[in-house]
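Below is one structure; the comments refer to it alone.
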Amino acid sequence: KAGVTQTPRYLIKTRGQQVTLSCSPISGHRSVSWYQQTPGQGLQFLFEYFSETQRNKGNFPGRFSGRQFSNSRSEMNVSTLELGDSALYLCASSLHQDSPLHFGNGTRLTVT
Amino acid sequence: AQKITQTQPGMFVQEKEAVTLDCTYDTSDPSYGLFWYKQPSSGEMIFLIYQGSYDQQNATEGRYSLNFQKARKSANLVISASQLGDSAMYFCAMREETFQGAQKLVFGQGTRLTINP
């Protein structure tokens, strides 16, 4: 069974631009969540989707948004990029509430 | 709010020795789940082991075991017979209970484990 797939692996953008990251969950997993990892703040929850609905959102500005499609694939978008958005963005999927989250390899975003 | 504390920023262990990575947590929820993840330098987060708050026995998965002491609010990871490939960052995490069964993990700051040959 294929794991969680995130594309692209690496991304370099300029301040003010926008970016879209993609995540394909493990087949059959309907919950997809996103995390931001930085050296200073560690791992922080961004948002979680289930059946195309956002169920929970972390403490991030409105520039960070996401969506989930009917096939459970998810995208997150960051608009008006800032230097501080440079981070590893991790996507995770899970089968149900009591099952573990399985993470992808992440997308490393660098904002210059 | 839930909180995870990992007090060991780094640990150095000889190959084949056992190692214990500390994790304490704080929550007022009666039901919660605790996880350990391994993150090699390549970046992916690898699920290691899970412990539910109502589980009567400590979780084990191969060389990994979780020393769950509910009264002390600790969930230490024990790796037996360490190997060079165990060198990585290790994160303890708690599933935060939210409405509608939403999934959200709160992570500790991590422990960088280095296995010496």
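The values are calculated or read from the model by the stated rules, or taken from the named source; none is laboratory data. Here the structure is a predicted model, which means the values were calculated and not measured. Cβ sites come from the backbone with ideal geometry, for glycine too, and all protein chains shown count toward neighbours. Ligands, DNA and RNA are stripped out before the accessible areas are found, and what is left, the full protein with its side chains, is counted by its heavy atoms. Shrake-Rupley method; radii C 1.70, N 1.55, O 1.52, S 1.80 Å.
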**Complete:** Sequence order, region B:51-56: Karplus ³J(HN,Hα) from phi using 6.51 cos²θ - 1.76 cosθ + 1.60, θ = phi - 60°, Hz rounded, Gly and Pro as x, gives 10, x, 5, 9, 5, 7
**Item:** Within chain A, percent of DSSP bridges classed antiparallel, to nearest 5
**Value:** 90
**Request:** Could you provide, to the nearest whole Å², the per residue accessible area of region B:1-88 with probe 1.4 Å?
**Result:** 52
**Prompt:** Hey, got a sec? Which chymotrypsin sites (Phe, Trp or Tyr not before Pro) in region A:20-95 land in a DSSP loop and have at most 16 other Cβ atoms within 10 Å?
**Reply:** A:69
**Rounded to the nearest 20 debye, dipole of chain A from Cβ charges on Lys, Arg, Asp, Glu** = 180
**Item:** Selection of chymotrypsin sites (Phe, Trp or Tyr not before Pro), region B:1-108, meeting DSSP coil and at most 11 other Cβ within 10 Å
**Value:** B:54
**Message:** Counting only protein heavy atoms and a 1.4 Å probe, tell me what percentage of region A:38-112's accessible area is made up of carbon and sulfur.
**Reply:** 46
**Heavy-atom SASA rank of A:96, A:102 (probe 1.4 Å, accessible area, largest first)** = A:96, A:102
**Asked** With the solvent-accessible surface defined on protein heavy atoms using a 1.4 Å probe, which residues belonging to region B:45-93 display a reduction of at least 40 Å² in accessible area in the multichain context relative to the isolated chain?
**Response** B:45, B:47
**Prompt:** Which entries in B:16/B:104; A:13/B:104; B:38/B:70; B:16/B:70; B:73/B:104; B:38/B:73 show an alpha-carbon gap greater than 25 Å?
**Reply:** B:16/B:104; A:13/B:104; B:16/B:70
**Item:** ³J(HN,Hα) computed for each position of region B:106-117 - Karplus, 6.51 cos²θ - 1.76 cosθ + 1.60, integer Hz, glycine/proline x
**Value:** 9, 9, x, 7, x, 10, 8, 9, 10, 9, 9, x
**Solvent-accessible ranking of B:55, A:98, largest area first, probe 1.4 Å** = A:98, B:55
**Prompt:** Any residues in region A:72-111 that have 50 Å² or more less accessible area with all protein chains than in their chain alone, probe 1.4 Å, and which are they?
**Reply:** A:97, A:100, A:101, A:103
**Request:** Select from B:69, B:56, B:83 the residue whose mean-square fluctuation is largest in a Gaussian network model of chain B (Cα-Cα springs shorter than 10 Å).
**Result:** B:56
**Request:** Note the buried accessible area between B and A here, summed over both chains, with a 1.4 Å probe, in Å² to the nearest 100.
**Result:** 1900
